[in-house]
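Reviewing the structure listed below.
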Amino acid sequence: MKVLIVSDTHGYEGNMWKVIYREEPVDMFIHCGDIEHMPTELVKYFDCPVHVVKGNNDYMLRLPEVDRFEIAGRRVVLTHGHHHNIYRNQDAMFYFGEENHADIVIFGHIHMPIIAESRGITILNPGSLSLPRQAGGRPSYIIMTISERNEFDFVVRYI
(Lines give C-alpha, C1' and ligand atoms only; values in the text may rest on other atoms or scores of the structure.)
Protein backbone atom coordinates (compact mmCIF):
# COMPACT_ATOMS: atom_id res chain seq x y z
CA MET A 1 0.00 0.00 0.00
CA LYS A 2 1.23 3.48 -0.86
CA VAL A 3 -0.05 6.68 0.77
CA LEU A 4 0.80 10.17 -0.51
CA ILE A 5 0.78 12.85 2.22
CA VAL A 6 0.98 16.57 1.36
CA SER A 7 0.21 19.84 3.11
CA ASP A 8 0.14 23.60 2.95
CA THR A 9 -0.25 24.08 -0.79
CA HIS A 10 -1.97 27.44 -0.20
CA GLY A 11 -3.77 27.49 -3.54
CA TYR A 12 -0.60 26.92 -5.57
CA GLU A 13 -1.40 23.59 -7.20
CA GLY A 14 1.52 23.15 -9.58
CA ASN A 15 3.81 21.23 -7.23
CA MET A 16 0.92 19.22 -5.82
CA TRP A 17 -0.06 17.91 -9.26
CA LYS A 18 3.62 17.37 -10.15
CA VAL A 19 3.95 15.13 -7.07
CA ILE A 20 0.66 13.34 -7.75
CA TYR A 21 1.75 12.47 -11.30
CA ARG A 22 5.22 11.46 -10.07
CA GLU A 23 3.93 9.14 -7.34
CA GLU A 24 0.83 7.59 -8.86
CA PRO A 25 -0.67 5.16 -8.50
CA VAL A 26 -1.39 5.64 -4.79
CA ASP A 27 -3.81 3.80 -2.54
CA MET A 28 -4.67 6.85 -0.42
CA PHE A 29 -4.17 10.61 -0.68
CA ILE A 30 -3.94 12.83 2.41
CA HIS A 31 -3.82 16.65 2.50
CA CYS A 32 -3.15 18.21 5.92
CA GLY A 33 -4.88 21.52 5.24
CA ASP A 34 -4.29 25.02 3.93
CA ILE A 35 -5.37 23.85 0.50
CA GLU A 36 -7.32 27.14 0.04
CA HIS A 37 -9.80 25.80 -2.50
CA MET A 38 -12.45 23.13 -2.49
CA PRO A 39 -10.72 19.77 -3.11
CA THR A 40 -13.49 18.50 -5.41
CA GLU A 41 -11.07 17.84 -8.29
CA LEU A 42 -8.83 15.75 -6.01
CA VAL A 43 -11.73 13.60 -4.91
CA LYS A 44 -12.80 13.14 -8.53
CA TYR A 45 -9.24 12.46 -9.73
CA PHE A 46 -8.33 9.67 -7.35
CA ASP A 47 -9.78 6.18 -7.40
CA CYS A 48 -8.86 5.74 -3.73
CA PRO A 49 -9.71 7.26 -0.35
CA VAL A 50 -8.94 10.99 -0.07
CA HIS A 51 -8.64 12.72 3.32
CA VAL A 52 -8.46 16.52 3.55
CA VAL A 53 -8.77 18.65 6.71
CA LYS A 54 -9.33 22.34 7.21
CA GLY A 55 -6.30 24.54 7.82
CA ASN A 56 -6.12 27.99 9.36
CA ASN A 57 -6.25 29.58 5.88
CA ASP A 58 -9.18 27.52 4.64
CA TYR A 59 -11.69 30.11 5.85
CA MET A 60 -14.67 29.36 3.65
CA LEU A 61 -14.19 25.64 3.12
CA ARG A 62 -16.52 23.11 4.68
CA LEU A 63 -13.93 20.55 5.71
CA PRO A 64 -13.46 18.73 9.00
CA GLU A 65 -10.88 20.09 11.44
CA VAL A 66 -10.00 16.53 12.47
CA ASP A 67 -10.35 13.26 10.58
CA ARG A 68 -9.97 9.84 12.18
CA PHE A 69 -9.53 6.69 10.10
CA GLU A 70 -7.50 3.49 9.86
CA ILE A 71 -4.65 2.50 7.61
CA ALA A 72 -3.80 -1.21 7.65
CA GLY A 73 -5.18 -1.60 11.17
CA ARG A 74 -3.43 1.46 12.63
CA ARG A 75 -5.52 4.29 14.05
CA VAL A 76 -4.74 7.60 12.35
CA VAL A 77 -5.76 11.11 13.37
CA LEU A 78 -5.33 13.91 10.83
CA THR A 79 -5.40 17.62 11.69
CA HIS A 80 -3.79 20.78 10.41
CA GLY A 81 -2.21 21.48 13.78
CA HIS A 82 -2.76 25.20 14.21
CA HIS A 83 -4.74 24.67 17.44
CA HIS A 84 -1.91 22.74 19.12
CA ASN A 85 0.92 25.23 19.73
CA ILE A 86 3.25 23.08 17.65
CA TYR A 87 5.86 25.73 16.95
CA ARG A 88 7.32 25.29 20.44
CA ASN A 89 7.83 21.53 20.28
CA GLN A 90 6.37 18.28 19.01
CA ASP A 91 5.03 17.11 22.36
CA ALA A 92 1.63 18.64 21.65
CA MET A 93 1.13 16.27 18.72
CA PHE A 94 2.14 13.25 20.79
CA TYR A 95 -0.39 14.32 23.48
CA PHE A 96 -3.01 14.82 20.77
CA GLY A 97 -2.28 11.28 19.57
CA GLU A 98 -2.67 9.91 23.09
CA GLU A 99 -5.96 11.78 23.59
CA ASN A 100 -7.27 10.30 20.35
CA HIS A 101 -5.89 6.78 20.96
CA ALA A 102 -3.96 7.12 17.70
CA ASP A 103 -1.00 5.17 16.44
CA ILE A 104 -0.19 7.83 13.83
CA VAL A 105 -0.78 11.60 13.94
CA ILE A 106 -0.52 13.47 10.65
CA PHE A 107 -0.45 17.28 10.66
CA GLY A 108 0.73 20.31 8.72
CA HIS A 109 0.90 24.03 9.53
CA ILE A 110 4.63 24.46 10.30
CA HIS A 111 5.80 23.96 6.69
CA MET A 112 8.70 21.72 7.77
CA PRO A 113 8.85 17.92 7.39
CA ILE A 114 8.88 15.79 10.52
CA ILE A 115 8.92 12.05 11.12
CA ALA A 116 9.20 11.23 14.81
CA GLU A 117 8.17 8.47 17.17
CA SER A 118 7.59 8.47 20.92
CA ARG A 119 5.42 6.57 23.37
CA GLY A 120 4.24 4.24 20.59
CA ILE A 121 2.94 7.10 18.45
CA THR A 122 4.38 8.23 15.12
CA ILE A 123 3.92 11.86 14.12
CA LEU A 124 4.22 12.94 10.51
CA ASN A 125 4.37 16.37 8.94
CA PRO A 126 5.03 16.43 5.19
CA GLY A 127 6.19 20.06 5.17
CA SER A 128 4.86 22.33 2.45
CA LEU A 129 4.70 21.90 -1.30
CA SER A 130 4.41 25.66 -1.84
CA LEU A 131 6.03 27.60 1.00
CA PRO A 132 8.70 25.42 2.66
CA ARG A 133 10.43 26.78 5.78
CA GLN A 134 13.12 24.18 6.44
CA ALA A 135 16.79 24.70 5.62
CA GLY A 136 17.31 24.51 1.88
CA GLY A 137 13.73 25.58 1.19
CA ARG A 138 12.80 22.63 -1.01
CA PRO A 139 9.12 21.65 -1.24
CA SER A 140 8.48 18.35 0.53
CA TYR A 141 5.95 15.58 1.03
CA ILE A 142 5.80 12.14 2.65
CA ILE A 143 5.31 8.71 1.16
CA MET A 144 4.00 6.10 3.58
CA THR A 145 4.30 2.50 2.46
CA ILE A 146 2.87 -0.55 4.13
CA SER A 147 4.32 -3.92 3.21
CA GLU A 148 2.37 -7.16 2.86
CA ARG A 149 3.66 -8.02 6.35
CA ASN A 150 2.05 -4.82 7.65
CA GLU A 151 5.37 -3.03 8.15
CA PHE A 152 5.14 0.75 7.86
CA ASP A 153 7.81 2.93 6.28
CA PHE A 154 7.80 6.74 6.08
CA VAL A 155 10.03 8.76 3.75
CA VAL A 156 10.24 12.51 3.20
CA ARG A 157 10.69 13.31 -0.48
CA TYR A 158 11.61 16.62 -2.07
CA ILE A 159 10.84 18.24 -5.39
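The values are calculated or read from the model by the stated rules, or taken from the named source; none is laboratory data. These numbers come from a predicted model, not from an experiment. All Cβ positions, even for glycine, are placed from backbone atoms using ideal geometry, and neighbour counts span all protein chains on display.
Report yes if some residue within the range 72-80 is more than 23 Å from I146 (Cβ to Cβ) and either without any contact (Cβ under 8 Å) to a residue 24 or more places away in the chain or in contact with a Ser or Thr (Cβ under 7 Å, 6 or more places away or on another chain) (or both); otherwise report no.
No.
Looking at Y59, is it under 24 Å from N15 (Cβ atoms), over 16 Å from the mean Cα position of the chain (by Cα) and among the aromatic types (F, W, Y)?
Considered against the rule, which asks whether it is under 24 Å from N15 (Cβ atoms), over 16 Å from the mean Cα position of the chain (by Cα) and among the aromatic types (F, W, Y), Y59 comes out as yes.
Restricting to the range 2-18, count the residues that are on the phi < 0 side of the Ramachandran plot and out of contact with any Ser or Thr (no Cβ under 7 Å at 6 or more places or on another chain).
Adding up the residues that qualify gives 8.
Every residue in the range 128-159 that is buried (at least 23 other Cβ atoms within 10 Å of the Cβ), in contact with a Gly (Cβ under 8 Å, 6 or more places away or on another chain) and in a loop (DSSP other than H, G, I, E, B), please.
S128, P139 - these are the residues of the range 128-159 that are buried (at least 23 other Cβ atoms within 10 Å of the Cβ), in contact with a Gly (Cβ under 8 Å, 6 or more places away or on another chain) and in a loop (DSSP other than H, G, I, E, B).
May I ask you to list the residues in the range 115-125 that are crowded, with 19+ Cβ neighbours inside 10 Å and among the β-branched types (V, I, T)?
I121, T122, I123
For I110, are the conditions met, namely being part of a loop (DSSP other than H, G, I, E, B), under 12 Å from the mean Cα position of the chain (by Cα) and more than 20 Å from E151 (Cα to Cα)?
yes
Inside the range 21-36, can you point out the residues that are within 26 Å of N57 (Cα to Cα) and either at pLDDT below 95 or of a type in the set (A, V, I, L, M, F, W, C) (or both)?
M28, F29, I30, C32, I35, E36
Got at least one residue in the range 88-105 being surrounded by fewer than 17 Cβ atoms within 10 Å (Cβ to Cβ), among the basic types (K, R) and not in a loop (DSSP other than H, G, I, E, B)?
No, the range 88-105 contains no residue that is surrounded by fewer than 17 Cβ atoms within 10 Å (Cβ to Cβ), among the basic types (K, R) and not in a loop (DSSP other than H, G, I, E, B).
Can you report the number of residues in the range 5-60 which are out of contact with any Cys (no Cβ under 8 Å at 6 or more places or on another chain), within 18 Å of T145 (Cα to Cα) and either of a type in the set (G, A, S) or not in a loop (DSSP other than H, G, I, E, B) (or both)?
Qualifying residue count, the range 5-60: 9.
Considering the range 1-49 alone, what residues qualify as being hydroxyl-bearing (S, T, Y), over 19 Å from F154 (Cβ atoms) and surrounded by 19 or more Cβ atoms within 10 Å (Cβ to Cβ)?
If the condition is that a residue be hydroxyl-bearing (S, T, Y), over 19 Å from F154 (Cβ atoms) and surrounded by 19 or more Cβ atoms within 10 Å (Cβ to Cβ), then T9 is the only one that fits.
Test G81 against the criterion of being under 15 Å from the mean Cα position of the chain (by Cα) and at positive phi, and give yes or no.
The answer is yes for G81.
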